[in-house]
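Enquirer: Below is the structure I would like to discuss, written out as structure tokens.
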Amino acid sequence: MQLADLEYFYIAKEMNGRFKGSRIGKIYQVTKKVFKMQVSNEDGKFTILIQLPDYITYTRRDVPSPESPSNFIMALRKRLTNGVIESIEQPRFERILIFNISAHGHAYTLAIELFSNGNILLCDAGRGNAIDVLYRKESWRDRELKRGERYILPPSKKSPFDIELYDIGQHGKKTLMAGILSKVSIAPKYLEEAFARAHIDPRSEHELSGEEKERLLYMIKGVCAEGNYYVYKKDGNIVDYAVSHLTKYSGEGFEREEYDSVLEMIDAVYSPVLTDEADAEREAESKEARAHREYALSQMKARMQELEKEERRARAAAGHIYKSHHKIEQLISLVRSMKKQGKSEQEISKAVSRIDPSASFRNGMIILKIRA
């Protein structure tokens, strides 16, 4: 389950307050999707954890550090190690976090994209935010993500903090809920909560009165601005989490745990996918390695069989030569004598075949047929 735009609003706000001015240590790629960045400031050392495309948080978990960094990680380390985080922001209310970093006399923006398959891009702010290092190349209808291209944000909807009365409507959709979602970047669970507080049916197919629109607008902004961090459970299992109270979990059987920090809430909800994915990666690697090994062995076996055949032919030829060395000497003597007499190659070949029917003389050579 991926985090919503509103949750990243609070994550960016808290991360900026907690890590602004922090110095960057090592960066690691733990699995195909899990990354960690060590940072330090006057409050101590911290681990920022990223799992593409699901979430970003900081963690107190003991996350393993691979010994062999990938080329992508080596490129990030070369540019960012010992750099300073100047600020962390969420652009256009997108599921993107931007780390503005100064390192080695350069200004960089590290973009963590947490939608679709997720991506990590390091851009050179001094060169028009040109992409310098990226985890994966991607091509979208509105933008191209590859090295050297300018980093462009995806098209976005309106933030729920910026909506106005004319945004509250069906906008050609079947229901009021669908109409607002088509214009405003807000997760359905938070919009449903605003409808519940405003006592308006989200499935309504009729336009609201002016007073109803004002009430719903007020509730949407209130839900989004609440900034309380809850994990909802039933029978001890997590069923949801939110950055505001959700009325639908007020019934019997539900429990609510409150956190002082959105990052601590996210870290409590999500455990990084380490063992299963790492095992899957190792299994994929081992299958590939086995395939390469089996192919190499089959090629080696075929070559060995060819060499054994060649050895048998060589041994047979050597044996034939040893047994027939007197005849061979006779053939050589005959050829030399006839060549001195100026005999033609055809005449020499007939004379040679009379000594040994399998022998012939062509292109200045005596040819003997040997049965292997």
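Enquirer: Out of L76, L49, I need the residue that is within 10 Å of K36 (Cβ to Cβ) and of a type in the set (A, V, I, L, M, F, W, C). Which one?
Expert: Values: L76 fails: within 10 Å of K36 (Cβ to Cβ).
None of the others qualify; the one that does is L49.
Enquirer: OK, next. Can you name the condition, by its number, that N237 falls short on among (1) of a type outside the set (K, R); (2) more than 28 Å from K174 (Cα to Cα); (3) at pLDDT 95 or above?
Expert: (3)
Enquirer: Could you figure out which of (1) free of Cβ contacts under 8 Å to residues at least 12 places away in the same chain; (2) within 13 Å of L176 (Cβ to Cβ) isn't true of N237?
Expert: Just one mismatch for N237, condition (2).
Enquirer: Please find, within region 137-174, the residue that is modelled with the highest pLDDT out of those that are of a type in the set (S, T, N, Q) and touching a strand residue (DSSP E or B) at 6+ places or on another chain (Cβ under 9 Å). Break it down into steps so the answer makes sense when it comes.
Expert: Start the filter on region 137-174 by keeping residues that are of a type in the set (S, T, N, Q), which leaves 139, 156, 159, 170.
Imposing the further condition that a residue be touching a strand residue (DSSP E or B) at 6+ places or on another chain (Cβ under 9 Å) reduces the set to 139, 159.
Working: S139: 92, S159: 96.
Checking each candidate, the answer is S159.
Okay, residues lined up against (1) at pLDDT 95 or above; (2) outside the structural domain of T31 (by TED's automatic domain parsing); (3) among the aliphatic types (A, V, I, L, M):
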| site | (1), (2), (3) |
| --- | --- |
| E192 | yes, yes, no |
| A196 | yes, yes, yes |
| G222 | yes, yes, no |
| V231 | yes, yes, yes |
| E258 | yes, yes, no |
| A280 | no, yes, yes |
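Enquirer: Considering only residues that are without any contact (Cβ under 8 Å) to a residue 12 or more places away in the chain and small (G, A, S), which ones fall in region 44-87?
Expert: Kept after step one, since they are without any contact (Cβ under 8 Å) to a residue 12 or more places away in the chain, are these residues of region 44-87: 44, 62, 67-68, 71, 74, 78.
Across region 44-87, the qualifying residues are G44, S68.
Enquirer: Where in region 216-276 are there strands (runs of 3 or more DSSP E), lying wholly inside it, with at least 1 residues that are surrounded by 19 or more Cβ atoms within 10 Å (Cβ to Cβ) and in contact with a helix residue (DSSP H, G or I) (Cβ under 6 Å, 6 or more places away or on another chain)? I'd like the intermediate steps shown before the answer.
Expert: Working: elements: 229-234, 237-242, 254-259.
In region 216-276, 229-234, 237-242 are the strands (runs of 3 or more DSSP E) which contain 1 or more residues that are surrounded by 19 or more Cβ atoms within 10 Å (Cβ to Cβ) and in contact with a helix residue (DSSP H, G or I) (Cβ under 6 Å, 6 or more places away or on another chain).
Enquirer: Considering only region 59-79, I want to know if a residue exists there that is out of contact with any Lys or Arg (no Cβ under 8 Å at 6 or more places or on another chain), within 27 Å of H106 (Cβ to Cβ) and of a type in the set (V, I, T).
Expert: Yes: region 59-79 contains one or more residues that are out of contact with any Lys or Arg (no Cβ under 8 Å at 6 or more places or on another chain), within 27 Å of H106 (Cβ to Cβ) and of a type in the set (V, I, T).
Enquirer: So H199 clears everything in (1) touching a Leu at 6+ places or on another chain (Cβ under 8 Å); (2) of a type outside the set (A, V, I, L, M, F, W, C); (3) more than 20 Å from E7 (Cα to Cα) except one condition, right? Which one?
Expert: That leaves (1) as the condition not met.
Enquirer: Just checking, which of G179, G172 is buried (at least 17 other Cβ atoms within 10 Å of the Cβ), outside the structural domain of A75 (by TED's automatic domain parsing) and either over 25 Å from L216 (Cβ atoms) or more than 18 Å from the chain's Cα centre (by Cα) (or both)? Even if it seems obvious, please write down each step before you answer.
Expert: Numbers: G172 fails: buried (at least 17 other Cβ atoms within 10 Å of the Cβ).
Of the residues listed, the single one that is buried (at least 17 other Cβ atoms within 10 Å of the Cβ), outside the structural domain of A75 (by TED's automatic domain parsing) and either over 25 Å from L216 (Cβ atoms) or more than 18 Å from the chain's Cα centre (by Cα) (or both) is G179.
The values are calculated or read from the model by the stated rules, or taken from the named source; none is laboratory data. Here the structure is a predicted model, which means the values were calculated and not measured. Don't worry about glycine lacking a Cβ; one is built from the backbone with ideal geometry, like all the others, and counts go over all protein chains shown.
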